[in-house]
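What follows is calculated from the coordinates using simple rules that are stated; it is not laboratory data. Just so you know, these numbers come straight off a predicted model, no measurement behind them. Cβ: placed from backbone, ideal geometry, glycine included. Neighbour counts: every protein chain shown.
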Amino acid sequence: MKKNIAMKWVKALRSGKYEQGKKMLRSLDSKYCCFGVLCDISWLYEWHPCYCIDSGFYYYGRSIYILNDVVCEWAGMKHFTGRHKTVSGVDRSLTNYNDNGDLDGTPCTFDKIADWIEINYKAL
């Protein structure tokens, strides 16, 4: 991942501007997953709401749940989920950290995800 974009993303995650959500880039009540924050700082597309019977969300460049190719390319990311190998060789992703927590199930806040990105952005 490009260092300058990674550091902007880290700053945005720590800013307190974004409330953390799960399972989608941005919910209608403006909760973001970590990748929703990356989309928001990219300014590559506009957010478009979609209202469903039991829930709602925003589209970002036709994406709901994952980064699209344009955002990945802009950020210099290798994989749309932030997939990487842990020190012990386990496959993990930032999507997994955001939605399910750390390997031991400990919730991963935006601050914790930002700490990881700041140190490991080259792995992304």
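Just need the relative contact order of the chain here, percent rounded to a whole number, with Cα pairs under 8 Å and 6+ apart.
Working: 190 pairs, mean separation 36.3, N = 124.
Once divided by the residue count of the chain, the mean separation gives 29 percent.
Which residue, Val10, Tyr97, Tyr65, has the largest displacement toward the positive end of the dipole of the chain when charges sit on each Cβ (Lys, Arg +1; Asp, Glu -1)?
Farthest towards the positive end: Val10.
Residue-wise, which Karplus ³J(HN,Hα) couplings in Hz belong to the range 78-83, taking 6.51 cos²θ - 1.76 cosθ + 1.60, θ = phi - 60°, and x for glycine or proline?
7, 8, 5, 9, x, 5
Can you compute 3J(HN,Hα) from phi for each residue in the range 63-73, using the Karplus curve 6.51 cos²θ - 1.76 cosθ + 1.60 with θ = phi - 60°, rounded to whole Hz and x for Gly and Pro?
My calculation for the range 63-73 gives 9, 10, 10, 9, 5, 8, 4, 5, 5, 4, 5 Hz in order.
For a quick check: with amide H placed at 1.01 Å from N, whose amide H comes under 5 Å from Leu124's, ignoring anything fewer than 5 positions away on the same chain?
none
At most 16 other Cβ atoms within 10 Å and a DSSP loop assignment: could you name the chymotrypsin sites (Phe, Trp or Tyr not before Pro) in the range 8-112 that fit?
Trp43, Tyr45, Tyr65
Around Gly21, which amide H atoms from residues at least 5 apart in sequence, or from another chain, sit under 5 Å from its own amide H, with H modelled in the peptide plane?
Here the answer is Tyr32, Cys33, since their amide H atoms fall under 5 Å of that of Gly21.
Over all directions, average the projected area of the Cα convex hull of the range 3-123 and note it in nm².
On the way: hull surface 29.3 nm².
Taking a quarter of the hull surface, the average projection is 7.3 nm².
I want to check a number: in the range 3-123, how many lysine pairs have alpha carbons closer than 13 Å, given a sequence separation of 8 or more or different chains? Don't jump to the answer; show the numbers that get you there.
Details: Lys3/Lys11; Lys3/Lys122; Lys11/Lys112; Lys17/Lys31; Lys22/Lys31; Lys23/Lys31; Lys78/Lys122; Lys85/Lys122.
Pairs that pass both the separation and distance tests number 8.
Whose amide H sits under 5 Å from the amide H of Phe57, counting only residues 5 or more places off or on another chain, with H placed in the peptide plane?
For Phe57, the qualifying residues are Leu28, Cys50, Cys52.
In the range 1-109, which trypsin sites (Lys or Arg not before Pro) fall in coil by DSSP and have 15 or fewer other Cβ atoms within 10 Å? Write down the numbers at each step before the final one.
Details: sites: Lys2, Lys3, Lys8, Lys11, Arg14, Lys17, Lys22, Lys23, Arg26, Lys31, Arg62, Lys78, Arg83, Lys85, Arg92; in loops: Lys2, Lys17, Lys22, Lys23, Arg62, Lys78, Arg83.
Answer by residue number: Lys2, Lys17, Lys22, Lys23, Arg62, Lys78.
Once you charge only the Cβ atoms, +1 for Lys and Arg and -1 for Asp and Glu, what is the size of the charge dipole of the range 3-123 about its Cα centre, to the nearest 20 debye?
Values: 16 positive and 14 negative charges, 63 e Å.
About 300 debye.
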